[in-house]
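Peer 1: My questions will all concern the structure given below.
The values are calculated or read from the model by the stated rules, or taken from the named source; none is laboratory data. Please read all numbers here as calculations on a predicted model, not as lab measurements. In this analysis, Cβ positions are derived from the backbone assuming ideal geometry, glycine residues included, and neighbour counts consider all displayed protein chains. The accessibility values were calculated without ligands, DNA or RNA, using every heavy atom of the protein model including side chains. Shrake-Rupley method; radii C 1.70, N 1.55, O 1.52, S 1.80 Å.
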Amino acid sequence: MQRHILNLLVFWFCVAGYKDPAMAQNPREEYLFNDCHFHLTNYIQEGITADQFLEVMGTKCGRSVLFGIPLQQDWSYQNSGNYAPTYYLQSDAPLYYYSFTDAYIAMQFKSLSKEQKARIDPMITGFNPSDMYGVKHIERVLRTFPGIFTGIGEFSIHKEFVSSKVTGETASLTNPALDSILDFAGRVGLIVLIHSDIDMPFAKPAAEAVYLSQMKDLLKRHPRTTIIWAHMGLGRVVHPVGYSSIDPGERPSNQVSIIEEILSDPALSHVYFDISWDEVAKYIVTNSKTIQNSAAVFEKFPDRFLFGTDVVAPPDQKFYMSVYDMYAPLWKVLSPTTSEKIRKQNYIRLFDAAREKVRTWERVNISK
Ligand SMILES: [Zn+2]
């Protein structure tokens with residue numbers, strides 16, 4: 001009789017599915033997306049804690065990157081008096097590189113539980129990409145905080161309204177300091193998230209995208225480095241190349257053919273794009289034609305795009321979900337497979353590979 005009851009219990013566990021409490025706490029199956037682009041802190045290094053972010057992620061977001069913003073907005077009394085700017089558009093005072101952000105992110109990560117850490121990929125950002133010593137900062141952070149970081153970025157080269165405000169040498173795509181950073185990332189296995197506008201603000205539709213060829217040359221110089229080009233190179237006023245605001249989507253913009261050309265080039269098979277930021281989503285979900293044009297590229301290259309929010313220090317989940325919700329018309333038209341890849345699987349594939357490589361590099365290169 002007892003044996004019979006025991007068999008029944010075992011059978012029940014096998015059939016009904018034993019729910020691992022960690023998995024219950026970490027409902028990866030039910031979640032909607034992984035987030036490859038998230039800022040815990042803002043331009044004055046303030047924000048929410050990592051623990052609060054896990055709350056905000058809840059059961060909507062399975063895994064996410066974690067980084068701050070490597071630039072500090074200077075509060076210059078001469079410039080704005082008692083008005084304390086919190087964003088780069090709120091003062092003419094400069095921005096400067098803020099390296100402590102990496103120690104702050106590392107300590108936030110260390111404060112998490114084992115289950116929580118499994119959902120988070122911290123990224124190093126506190127380096128100056130135009131400083132030949134910039135790469136040394138990245139190595140120093142890895143040696144100081146082993147077992148934590150998965151990649152570098154988001155860091156910016158050409159960024160509307162920002163690059164011209166940064167003190168010191170203006171970052172460029174042709175600077176050998178940037179090459180040494182991408183080379184090191186490739187050797188270690190650090191995944192790279194780079195922000196660099198593809199064009200100048202308010203570009204004329206017919207004009208050649210000003211930074212495109214420099215960016216392609218840079219990408220081609222680093223075939224061993226996994227590189228995510230944030231926002232597909234777009235911005236608030238850096239619109240898709242050849243974009244016409246008169247009849248958006250009437251015909252696929254040059255941007256679409258530029259992206260297709262990059263993704264079709266075997267020499268650029270290490271390049272991916274994130275579709276993060278509401279300022280990017282606005283171009284994609286403008287109307288049914290822009291949605292169709294974008295969906296066509298996503299269906300053609302489903303393994304090469306990653307969803308991200310680019311949300312900064314969200315006060316609550318509603319705020320955090322705003323970019324994902326903006327893309328609802330896109331999620332509706334994409335095939336389930338492509339949608340699943342862009343929302344979840346591409347993240348897991350790329351970030352799991354990076355985690356493994358970086359841990360291996362640390363084991364080999366960091367003596368106990
Ligand atoms: Zn960002």
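Peer 1: When the stretch 231-247 is examined, which residues are found to be closer than 15 Å to residue 207 by Cα and within 14 Å of the ligand (Cβ to nearest atom)?
Peer 2: The answer is 238, and nothing else.
Peer 1: Looking at the structure I just gave you, is residue 302 open to solvent by less than 60 Å² (accessible area, probe 1.4 Å), more than 16 Å from the ligand (Cβ to nearest atom) and outside any helix (DSSP H, G or I)?
Peer 2: Numbers: open to solvent by less than 60 Å² (accessible area, probe 1.4 Å): yes; more than 16 Å from the ligand (Cβ to nearest atom): yes; outside any helix (DSSP H, G or I): yes.
It is true that residue 302 is open to solvent by less than 60 Å² (accessible area, probe 1.4 Å), more than 16 Å from the ligand (Cβ to nearest atom) and outside any helix (DSSP H, G or I).
Peer 1: Which pairs do you get when a residue that is touching a residue at least 60 places away in the same chain (Cβ under 8 Å), found in the stretch 29-44, comes within reach of a residue that is of a type in the set (Asp, Glu) and more than 12 Å from the ligand (Cβ to nearest atom), reach meaning Cβ atoms under 9 angstrom, with the pair 6+ apart or on two chains?
Peer 2: Qualifying pairs under 9 Å: 36/121.
This table checks each residue for (1) of a type in the set (A, V, I, L, M); (2) under 15 Å from residue 50 (Cβ atoms).
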| position | (1), (2) |
| --- | --- |
| 91 | no, no |
| 123 | yes, yes |
| 137 | no, no |
| 145 | no, yes |
| 158 | no, no |
| 169 | no, no |
| 188 | yes, no |
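Peer 1: Please specify each residue of the stretch 261-282 satisfying the condition of being of a type in the set (Asp, Glu) and free of Cβ contacts under 8 Å to residues at least 12 places away in the same chain.
Peer 2: 261, 265
Peer 1: While we're looking at this one, here's another question. Going by the structure shown, is residue 319 open to solvent by less than 20 Å² (accessible area, probe 1.4 Å), within 24 Å of residue 52 (Cβ to Cβ) and assigned to a helix (DSSP H, G or I)?
Peer 2: Values: open to solvent by less than 20 Å² (accessible area, probe 1.4 Å): no; within 24 Å of residue 52 (Cβ to Cβ): yes; assigned to a helix (DSSP H, G or I): yes.
Considered against the rule, which asks whether it is open to solvent by less than 20 Å² (accessible area, probe 1.4 Å), within 24 Å of residue 52 (Cβ to Cβ) and assigned to a helix (DSSP H, G or I), residue 319 comes out as no.
Peer 1: A further question follows. Here are the criteria: (1) farther than 27 Å from residue 270 by Cα; (2) away from the ligand (no atom under 16 Å from the Cβ); (3) open to solvent by 40 Å² or more (accessible area, probe 1.4 Å). Tell me which single one residue 146 does not satisfy.
Peer 2: (1)
Peer 1: Shifting gears a bit: Return yes when residue 367 is over 26 Å from residue 48 (Cβ atoms) and surrounded by 21 or more Cβ atoms within 10 Å (Cβ to Cβ) and no when it is not. Can you show your working first?
Peer 2: Details: over 26 Å from residue 48 (Cβ atoms): yes; surrounded by 21 or more Cβ atoms within 10 Å (Cβ to Cβ): no.
No.
Peer 1: So which pairs qualify, if the first residue must be in the stretch 110-139 and over 22 Å from residue 179 (Cα atoms), the second must be at pLDDT below 95 and hydrophobic (A, V, I, L, M, F, W, C), the Cβ gap must be under 9 Å, and the two must be at least 6 apart or on different chains?
Peer 2: The qualifying pairs are 114/22; 115/22; 118/22.
Peer 1: With more than 16 Å from the ligand (Cβ to nearest atom) and of a type in the set (Asp, Glu) as the only criterion, which of 260, 279 stands out? Give the derivation first.
Peer 2: Working: 279 fails: more than 16 Å from the ligand (Cβ to nearest atom).
Result: 260 is the single residue among 260, 279 that is more than 16 Å from the ligand (Cβ to nearest atom) and of a type in the set (Asp, Glu).
Peer 1: Looking for something under 23 Å from residue 307 (Cα atoms), in contact (Cβ under 8 Å) with a residue 12 or more places away in the chain, part of a loop (DSSP other than H, G, I, E, B) and open to solvent by 10 Å² or more (accessible area, probe 1.4 Å) - is there at least one such residue anywhere in the stretch 45-57?
Peer 2: Checked against the condition, which is being under 23 Å from residue 307 (Cα atoms), in contact (Cβ under 8 Å) with a residue 12 or more places away in the chain, part of a loop (DSSP other than H, G, I, E, B) and open to solvent by 10 Å² or more (accessible area, probe 1.4 Å), the stretch 45-57 yields at least one hit.
Peer 1: Here are some residues: 218, 193. Which one is assigned to a helix (DSSP H, G or I), touching an Asp or Glu at 6+ places or on another chain (Cβ under 8 Å) and surrounded by 21 or more Cβ atoms within 10 Å (Cβ to Cβ)?
Peer 2: Values: 193 fails: assigned to a helix (DSSP H, G or I).
The conditions single out 218.
Peer 1: Another one. Among the listed residues 132, 107, identify the single one that is closer than 30 Å to residue 363 by Cβ, open to solvent by 30 Å² or more (accessible area, probe 1.4 Å) and not in a loop (DSSP other than H, G, I, E, B).
Peer 2: Numbers: 132 fails: not in a loop (DSSP other than H, G, I, E, B).
It is 107.
Peer 1: So, one more: Six or more apart or on different chains, Cβ atoms under 8 Å: show the pairs whose first residue is in the stretch 355-368 and assigned to a helix (DSSP H, G or I) and whose second is open to solvent by 100 Å² or more (accessible area, probe 1.4 Å).
Peer 2: 361/187
Peer 1: With within 16 Å of the ligand (Cβ to nearest atom) and either touching a Phe, Trp or Tyr at 6+ places or on another chain (Cβ under 7 Å) or modelled with pLDDT of 95 or more (or both) as the only criterion, which of 151, 168 stands out?
Peer 2: Residue meeting the stated conditions: 151.
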